[in-house]
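To start, the structure under review is shown below, and the notes come after it.
Taken together, the values in this text are just the output of simple stated rules run on the coordinates, not laboratory data. Here the structure is a predicted model, which means the values were calculated and not measured. Neighbour counts run over all protein chains shown; Cβ positions are idealised from the backbone, glycine included.
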Amino acid sequence: MEFKLNIITNKSSDVGYLPTLDGWRGIAILLVMGHHASDAIYNMFGSASSGLVNFFVLYGQMGVHIFFGISGFLICSRLLAEKAKFGQINLTSFYLRRAFRIMPAMLVFLVVTRYLSFNGVINVSLDSWLSALFFYTNYSSHGNYYTGHFWSLSVEEHFYLLWPAILVFSGKQKSVYIAISLAVFIGVWRALDLLYGFTVSEGWPNLWGRSDTQMDGLLWGCVVAVLYNEDKYRSRLLRFLFGYKFNALLMFVFFMVWRGPWYKVWLVKLMAWKIIIPFIIVGTVMYPKSWLGLILELTVLKYIGRISYSLYLWQELFLVSNSSLSLPMGVLQTLPVSLACVFICALISFYAVEKPCIYLGRRAVNYVLLKKNRN
């Protein structure tokens with residue numbers, strides 16, 4: 001029996017909802033949550049859970065790289081679609097959309113954490129709270145568990161400041177060379193800084209979360225987006241990401257994860273993840289009826305993906321490492337109650353804050369564009 005794949009071939013001027021991306025977000029946030037809950041899992045099940053705990057310790061960081069790959073690919077694709085449709089990229093509307101998408105839910109979380117800290121429920125210093133509010137957690141020396149996850153949001157915000165400007169002023173063709181050059185430079189710089197301690201030895205914050213050592217994952221997503229939105233490269237991607245080649249790519253990533261923890265091997269693994277993950281993501285976008293695409297299209301996984309931003313924000317309050325447990329929080333930081341609290345807070349955040357503010361953001365963008373056209 002012949003199995004035919006449903007191939008998505010939308011033009012660059014028509015990038016809307018892309019199949020499987022919500023599923024990828026679902027996988028990414030579950031990996032991140034599992035990583036942060038690893039201590040709680042061990043506390044609950046003991047040594048019987050050591051295999052599961054080790055899995056999340058190994059794979060949890062890949063969840064962040066998946067998020068970066070999705071963001072780079074999707075943001076670049078939408079900017080290219082706007083350029084193709086209107087002949088230009090409106091930076092004002094871009095930043096309005098981003099602000100209404102990210103800021104409201106984030107501010108609610110930060111207000112809650114500040115209130116809890118002020119009342120002695122959790123310990124969040126003003127310095128670490130301000131670093132989260134102004135997106136420099138990944139460069140702050142005042143680290144804190146409850147706001148520590150803002151390092152990845154800081155990297156994305158710094159990327160939003162950089163990439164749209166590159167695309168506007170350099171154009172699509174030149175931007176892909178700039179993205180490759182910057183991504184390679186960041187990968188090499190990360191390796192050299194870790195090996196020789198150019199900045200870490202001088203008291204800089206953790207090498208792991210800085211934008212100058214992590215933004216290459218987003219940039220590789222941009223590279224794949226340009227290829228995906230260019231007809232002459234799209235056909236090559238279709239051939240490359242079909243069948244055994246795609247499966248080989250997946251297996252390569254899998255075995256790279258499971259090789260030893262030696263830091264030089266980790267550097268190679270990290271660069272490989274960042275390059276390969278965006279190609280795997282776009283492979284499922286182009287072939288949503290492949291075996292992996294069908295998994296990603298599962299209703300429950302897509303739904304988790306849709307609320308993943310709120311899950312990302314609130315999981316850090318309840319899925320806590322042993323060293324950061326809060327006595328006043330008590331059972332709220334113990335499985336399975338902690339997991340239920342994460343989803344309850346995320347659902348409230350999604351339906352009461354995220355969705356209404358996204359709608360308001362669209363209205364604001366339409367108003368700005370209408371006003372511009374009238375002028």
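The table below lists the values:
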{"item": "Of 271, 251, 215, the one that fluctuates the most in a GNM where the chain has Cα springs shorter than 10 Å", "result": "251"}
{"item": "Ranked 73, 134, criterion: other C-beta atoms within 10 Å, fewest first", "result": "134, 73"}
{"item": "Under the span-like rule (Cα at least 30 Å along the axis, Kyte-Doolittle mean at least -0.5), DSSP H helices of the chain", "result": "50-86, 91-118, 150-196, 263-286"}
{"item": "Euclidean distance between Cα centres, segment 297-371 to segment 120-147, Å", "result": "19"}
{"item": "About the Cα centre, charge dipole magnitude for segment 51-133 (Lys/Arg +1, Asp/Glu -1 at Cβ), debye", "result": "360"}
{"item": "Least to most buried among 199, 213 (fewest other Cβ within 10 Å first)", "result": "199, 213"}
{"item": "Gyration tensor (alpha-carbon) shape descriptor, segment 84-154, a/c threshold 1.5", "result": "prolate"}
{"item": "Correct option for mean projected area of the Cα convex hull in nm² [calculated from the coordinates] among [x] 25.0; [y] 20.6; [z] 17.7", "result": "[y]"}
{"item": "Cα-centred dipole magnitude for the chain, charges only on beta-carbon of K, R (+1) and D, E (-1), debye, nearest 20", "result": "1420"}
{"item": "Which of 363, 78 has the fewest Cβ neighbours within 10 Å, and the rest in rising order", "result": "363, 78"}
{"item": "Gaussian network model of the chain, springs between alpha carbon atoms under 10 Å - residue of 145, 115, 287 with greatest fluctuation", "result": "115"}
